[in-house]
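Please treat every number below as a calculation from the coordinates, not as lab data. Keep in mind that what you see is a predicted model, and the values were worked out from it rather than measured. Cβ placement follows ideal geometry from the backbone for every residue including glycine, while neighbour counts extend to all protein chains displayed.
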Amino acid sequence: PPPAPEPRRRDVVVFLTQPLAAPGCGVGCFITGPPFDKWHFVGSLSNESPSGVFRVRWPPDEGAPTACRIGVSIMSVAELQALEATLPGTELVDFGRKVANDLWNYLGSFEVMQTHGQMLLPLFNRWMARFEDRCKHDPFWWLKNSE
């Protein structure tokens, strides 16, 4: 049989081994694949959030490399927030958004939604914002027994 294909690098785990001494700073985490000349921001760490599991999204024109390098850079919180804003949504948030939209469309077929739908929309939007926030802070919150 042919050899098994190399596994794709989809996630990277990064953590601080000691607190950052510089106030107002964090650590930007970057990844690159061969020929190791294009660095991609994957997430950030701080004293408040000293570890992270970051999903790696390789650009389609680069493919999924069989090797990678991880780089870190101490940066201001403002710089890190700007970089975080450029990251695409996680698969869980995308999935949640699609499920929520499907639920809204399903509920829309009932008479109660025809008369009260506009009143419920702000509640629905608040739920979605809460869902996205929970996913950002703990992507595995839904696996934990909350009852």
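For the pair T115 and D94, a Förster radius of 35 Å applied to the C-beta separation gives a FRET efficiency near 0.65, rounded to the nearest 0.05.
For the pair D37 and R130, a Förster radius of 41 Å applied to the C-beta separation gives a FRET efficiency near 0.50, rounded to the nearest 0.05. In this structure, the amide hydrogen of L20, modeled 1.01 Å from its nitrogen in the peptide plane, lies closer than 5 angstrom to those of N47, counting only residues at least 5 positions away or on a different chain.
Stretching the chain fully between F15 and R57 yields a gain of 13.2 nm (0.36 nm per residue, less the alpha carbon separation). Using the Cβ-Cβ distance between A82 and L107 with R0 = 35 Å, the FRET efficiency computed as 1/(1 + (r/R0)^6) comes to roughly 0.40.
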